[in-house]
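Colleague: Mind having a look at this structure? Questions to follow.
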Amino acid sequence: MKKILTLMFLITFFLAYKNAYAVIFEWPVLDGGNGNYYDLVPLSGSTQTWQESLAEADGLTYLGLPGHLATITSANENAFLNSKFNNGLGSQFAWFAGFEPNDDGIWKWATGPETGIQFSNGVTATPPFNYANWGGIEPNDNKPLEDFAMFNIGTTFASINPGQWADASPTPSSFDPVVGYLVEYEAQGQSAAIPEPSSLWMLAFALAGIAATKKFHKFIPSI
Ligand SMILES: [Ca+2]
Ligand SMILES: [Ca+2]
Ligand SMILES: [Ca+2]
């Protein structure tokens, strides 16, 4: 009985620990990154819109850092996201913070420190970032309201390669197969080279659990 309880706590701890590191990734300053953290959040329903995802991401925090739908302003940032979140499956995209508010070819960032700043005119990247990563013939305004940006986290789809972008209607469909959204947590210049409190809490909880099973064991016969 004691061994079983201990094993259960260890498995719980391992899964929690693994989960904490498998889902949210830091882009370390030491690796040339911005110190921010990134997450891929599955949509809560197959029709979760870009706008709903924008609002949801703005309400998230991680380690006390504010979240927002990810802004992708450099090839390195895009490559980091592609390396961490591509799942190798077909028809898999994620919302991010690019949008075309007036449907006139001018694409802007909708949230985060870059809110309101233009990044693309049609397919052409524009200052100040001079970075966009449209794939295939995107942005092609193929359907009504294709004013929202999605990032390919799967295999090549309609000539849009992994890590490339497309304009999409706000509601996912078989044409715009969005399954999640990319969140970015701003480190705001803080050093991120510290242990993650959430992981430490999980470790403490697991150790407390093991201690509790030892005490509990004193009151019950072994089986
Ligand atoms: Ca960013
Ligand atoms: Ca459009
Ligand atoms: Ca499109």
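Colleague: Of all residues being more than 15 Å from the chain's Cα centre (by Cα) and of a type outside the set (S, T, N, Q) in segment 24-51, which is nearest to Thr71 (Cα to Cα)? Just the residue, please.
Modeller: The residue in question is Gly33.
Colleague: Restricting to segment 125-155, name every residue that is more than 13 Å from Asp176 (Cα to Cα) and within 16 Å of ligand 3 (Cβ to nearest atom).
Modeller: Matches in segment 125-155: Ala132, Asn133, Trp134, Gly135, Gly136, Ile137.
Colleague: Could you please find all residues in segment 163-178 being more than 8 Å from ligand 3 (Cβ to nearest atom) and touching a Gly at 6+ places or on another chain (Cβ under 7 Å)?
Modeller: Gln164, Trp165
Colleague: Which one is surrounded by the most Cβ atoms within 10 Å (Cβ to Cβ) among residues in segment 72-112 that are out of contact with any strand residue (DSSP E or B) (no Cβ under 7 Å at 6 or more places or on another chain) and among the charged types (D, E, K, R)?
Modeller: Glu77
Colleague: Out of the strands (runs of 3 or more DSSP E) lying entirely within segment 68-177, which hold 1 or more residues that are in contact with a helix residue (DSSP H, G or I) (Cβ under 8 Å, 6 or more places away or on another chain)?
Modeller: The qualifying strands (runs of 3 or more DSSP E) are 93-99, 148-152, 165-168.
Colleague: Next question. Need the failing condition index for Asp147 against (1) surrounded by fewer than 20 Cβ atoms within 10 Å (Cβ to Cβ); (2) more than 16 Å from ligand 1 (Cβ to nearest atom), just the number.
Modeller: Result: Asp147 fails condition (1) only.
Colleague: Let me ask something else. For segment 112-135, give me each residue that is closer than 22 Å to Leu40 by Cβ and more than 16 Å from ligand 1 (Cβ to nearest atom).
Modeller: If the condition is that a residue be closer than 22 Å to Leu40 by Cβ and more than 16 Å from ligand 1 (Cβ to nearest atom), then Trp134, Gly135 are the ones that fit.
Colleague: On to the next question. Which is exposed (fewer than 15 other Cβ atoms within 10 Å of the Cβ), within 16 Å of ligand 2 (Cβ to nearest atom) and at negative phi, of Thr124, Thr115?
Modeller: Exactly one of Thr124, Thr115 is exposed (fewer than 15 other Cβ atoms within 10 Å of the Cβ), within 16 Å of ligand 2 (Cβ to nearest atom) and at negative phi, namely Thr124.
Colleague: Does Ser46 satisfy the condition of being more than 15 Å from ligand 1 (Cβ to nearest atom) and loosely packed, with under 15 Cβ neighbours inside 10 Å?
Modeller: For Ser46, the condition - more than 15 Å from ligand 1 (Cβ to nearest atom) and loosely packed, with under 15 Cβ neighbours inside 10 Å - is met.
Coordinate-derived values only; no laboratory data. Fair warning: this is a prediction, and the values are worked out from it, not measured in the lab. Positions of Cβ are backbone-derived with ideal geometry, glycine not excepted, and every protein chain shown enters the neighbour counts.
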